[in-house]
Amino acid sequence: MKLQTRKVLDKSFTGMGFMSIFLLSAALIMVLAPIFARGIGAFVFRATSEFRRLDNSLHGRGSIQAVEAETRLVQDAREPVYRMLAEFEAQLDAGNVANGDELYAELDEIRNLINRLLGPRPGESVPVLMRDRFGKTRWDKARETLHHILYRETWDYSDPTKMGVQVEVPRAASFKGTALEPLFPYLENNLERMLRPRLTLYWGFLFDESHDAHFFGGIWPEMLGTLYLVFGTMLFAIPIGVIAAVYLTEFATQGKVVSLLRTFISTLAGVPSIVFGLFGLAFFINTLKISSSKSVLAGSMTLALLVLPTIIRASEEAIKAVPRTYKEASLSLGASRIHTVARVILPAALPGILTGIVISMGRAAGETAPIIFTAAVSVGKPLGLLETLNQPTPALPWNIYNLATEHEAVDEIRHVQFGMVFTLVLLVLLLNLAAIILRARVSKKLRG
C-alpha cells in the first residue's frame, strides 16, 4: 500500500471515529436532557401553601405558627369562593335558575374541582384519602386544575365531512346572570392569593417516604431498595465471577470442556432478563426456599446470575492481558501457583476486572424484569439490613415502570416518575464514577 493511500485511510478512519463519538454524545444528550430537565422538577418547584401545611403535618418541617398564620390568610382569600357556591346552590334550590337540572351536575363537577384545587373547606369532615385532605401542593398542577374549572371540554361535530374536534368552552357562559358567574374571574385573578406559591428546594424527595401511593412524600424506600439490590448482587457475583475466571484461565486444562463452558457463559449473556426472573422465582424461592416469598436476598441472587457472564468474561480478558513475564518471575522465585495468582496476577488484572464490575453495577441497578418476580413491590417501608433476608422492597426500576403503566392518576404524579428516572440515572452515574475513580487509583498504584 502506498504511503499516501495509508495517510488518507488513517485520516478517514480518524474522522469516522470522531464523528461516531460526536453522534453518540449527541444521542446521549438528546436522551438525558429531557430526563434531567423534567426530573429536576421533583426537587425544585413552586410549592403552594398546601404543600407547606402538608410538610409540616407529616414531617414537622417549618414553624407551626407560620403555617397557621399563612393558612388563615389563604382561607380569607378563599371565603368568597365558598360564599358564591352557597349562594348559587340556594338559587337552584329556590328554582330561580333556568336549566337548573342541567346546572346541578355541572355544579357538582365544579365543586369537586375546587376541592381538588383548594382542599376541603374548614369544618368539613376529614376525607379518608390523604390526597383529598389537601389542595394542590404544586403551582403547575394548581394552574392545570384552574384551567379545568374555567373551561369545559366538548366536541364540535358541526362539519359533517370531518371527525369531531375537541374544543374548550368557557364555563362562565353557562352561569351567566347567576350568583356563580363572578366565581370564574375571581378564581383566575386571585389564585396566587389563595395558594401563595413560593419557589422551593425539596431535598425531602430523596429522603422522605412516599404517602398515598406517591401523591406526596419522597422516594427513600425505592432508593434504599435499589442500593440493597446492587450491593447484594455484587456481593454474590464478584467472588464467583472472579474465581471462575481464574479457574478458566490459570487452572483448567484448555480443551473441549473449557471451550464448551465458555460457550455456555456467552450464551447466558444473551438470555433475556425476564427468563432470569422466572428462574429466580422457581429456583431460589420455590425450590431452595431461601425466603417465603419475594425478598431482597432472592432478587440479589437472581441479578447476580444475570451479571455473572459479564464479570467472568471481563475478568478473563483482564487476566489474559497480564504480561506472562509476571507469572514466570513469580514462579521462578519459588512462589506457588495459588500465591502467584493471588499476589501477582489478580492485582495486575484488577483495573480490567473493575471495568466489568462497573458495567455490571449499572445493569443491576437498572434491571426491572428479574426483580418483578423475586424482590420488588410497589409500595413499602425502608428495610433494615436484616430484613433484606426475607422481605421484599420497593426499587427505582420497578416503581418507574409501575407509575408509568399502572398508577390510577399517572398524570397527577408525572413529576415523581421523572424524578425517579433522574435519580436512577444519577445513582448509576455516581456508582460508576466511584468505581472509575477506584480503578484509576489502583492503576496508578500498580504503575508506581
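Kindly indicate whether Leu303 is buried (at least 21 other Cβ atoms within 10 Å of the Cβ) and farther than 19 Å from Leu438 by Cβ.
For Leu303, the condition - buried (at least 21 other Cβ atoms within 10 Å of the Cβ) and farther than 19 Å from Leu438 by Cβ - is met.
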Please enumerate the residues belonging to the range 36-60 that are among the aliphatic types (A, V, I, L, M) and surrounded by 15 or more Cβ atoms within 10 Å (Cβ to Cβ).
-> Ala42, Ala47, Leu54, Leu58
Considering only the range 1-54, state which residues are over 28 Å from Asp140 (Cβ atoms), outside any helix (DSSP H, G or I) and charged (D, E, K, R).
-> Lys2
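Let's see how each residue does on (1) touching a Phe, Trp or Tyr at 6+ places or on another chain (Cβ under 9 Å); (2) closer than 23 Å to Thr310 by Cα; (3) assigned to a helix (DSSP H, G or I):
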| residue | (1), (2), (3) |
| --- | --- |
| Leu350 | no, yes, yes |
| Ile353 | no, yes, yes |
| Val358 | no, yes, yes |
| Ile371 | yes, yes, yes |
| Val379 | no, no, no |
| Pro382 | yes, no, no |
Scan the range 118-139 for residues that are in contact with a Gly (Cβ under 8 Å, 6 or more places away or on another chain) and touching a residue at least 60 places away in the same chain (Cβ under 8 Å) and report the count.
-> 4
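The rows are residues; the columns are (1) on the phi < 0 side of the Ramachandran plot; (2) under 16 Å from the mean Cα position of the chain (by Cα); (3) at pLDDT below 90.
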| position | (1), (2), (3) |
| --- | --- |
| Gly164 | yes, no, yes |
| Leu199 | yes, no, no |
| Tyr202 | yes, no, no |
| Phe205 | yes, yes, no |
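Okay, residues lined up against (1) modelled with pLDDT under 90; (2) small (Gly, Ala, Ser):
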site: Ile290; (1), (2): no, no
site: Lys294; (1), (2): no, no
site: Thr310; (1), (2): no, no
site: Ala314; (1), (2): no, yes
site: Pro323; (1), (2): yes, no
site: Ser330; (1), (2): yes, yes
Selection from the range 384-439 of residues that are at pLDDT 85 or above and outside any helix (DSSP H, G or I) | Gly384, Leu385, Asn390, Gln391, Pro392, Thr393, Pro394, Ala395
Boolean, Arg343 is among the charged types (D, E, K, R), out of contact with any Ser or Thr (no Cβ under 7 Å at 6 or more places or on another chain) and farther than 27 Å from Lys444 by Cα = no
List every residue pair whose Cβ atoms lie under 9 Å apart, where the two residues are 6 or more positions apart in sequence or sit on different chains, the first residue falls within the range 21-45 and is at pLDDT 85 or above and among the β-branched types (Val, Ile, Thr), and the second residue, located anywhere, is surrounded by 15 or more Cβ atoms within 10 Å (Cβ to Cβ) and in a helix (DSSP H, G or I).
-> Ile35/Phe418; Ile35/Val421; Ile35/Phe422; Ile35/Val425; Ile40/Phe418; Ile40/Gly419; Ile40/Phe422
Could you list, in sequence order, all residues of the range 56-107 that are among the polar types (S, T, N, Q), part of a helix (DSSP H, G or I) and without any contact (Cβ under 8 Å) to a residue 12 or more places away in the chain?
-> Asn56, Ser57, Gln65
Only residues that are of a type in the set (A, V, I, L, M, F, W, C), out of contact with any Ser or Thr (no Cβ under 7 Å at 6 or more places or on another chain), over 21 Å from Glu70 (Cβ atoms) and crowded, with 21+ Cβ neighbours inside 10 Å: list them for the range 185-223, please.
-> Phe205
Hits in the range 94-140 (condition: within 18 Å of Asp411 (Cβ to Cβ), loosely packed, with under 12 Cβ neighbours inside 10 Å and in contact with a helix residue (DSSP H, G or I) (Cβ under 7 Å, 6 or more places away or on another chain)) | none
Within the range 211-257, can you find the residues that are among the polar types (S, T, N, Q) and closer than 26 Å to Gly299 by Cβ?
-> Thr226, Thr233
Selection count where residues are surrounded by 14 or more Cβ atoms within 10 Å (Cβ to Cβ), of a type in the set (A, V, I, L, M) and farther than 15 Å from Ala364 by Cβ, scope the range 225-251 = 5
Find all pairs meeting these conditions: Cβ atoms under 7 angstrom apart; at least six residues apart or on different chains; first residue within the range 222-233 and under 18 Å from Gly204 (Cβ atoms); second residue of a type in the set (Ser, Thr, Tyr) and in a helix (DSSP H, G or I).
-> Met223/Thr423
Of the conditions (1) surrounded by 14 or more Cβ atoms within 10 Å (Cβ to Cβ); (2) part of a loop (DSSP other than H, G, I, E, B), Ser158 clears all except one; give me its number.
-> (1)
Any hit, the range 1-9, residues being surrounded by fewer than 10 Cβ atoms within 10 Å (Cβ to Cβ), of a type in the set (D, E, K, R), free of Cβ contacts under 8 Å to residues at least 24 places away in the same chain and out of contact with any Leu (no Cβ under 6 Å at 6 or more places or on another chain) = yes
Taking the condition touching a helix residue (DSSP H, G or I) at 6+ places or on another chain (Cβ under 9 Å), surrounded by 12 or more Cβ atoms within 10 Å (Cβ to Cβ) and free of Cβ contacts under 8 Å to residues at least 12 places away in the same chain, does Val258 pass?
-> yes
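The values are calculated or read from the model by the stated rules, or taken from the named source; none is laboratory data. Here the structure is a predicted model, which is why all the values come from computation and not from measurement. Cβ coordinates were reconstructed from backbone atoms using ideal geometry, including for glycine residues, and neighbour counts include every protein chain displayed.
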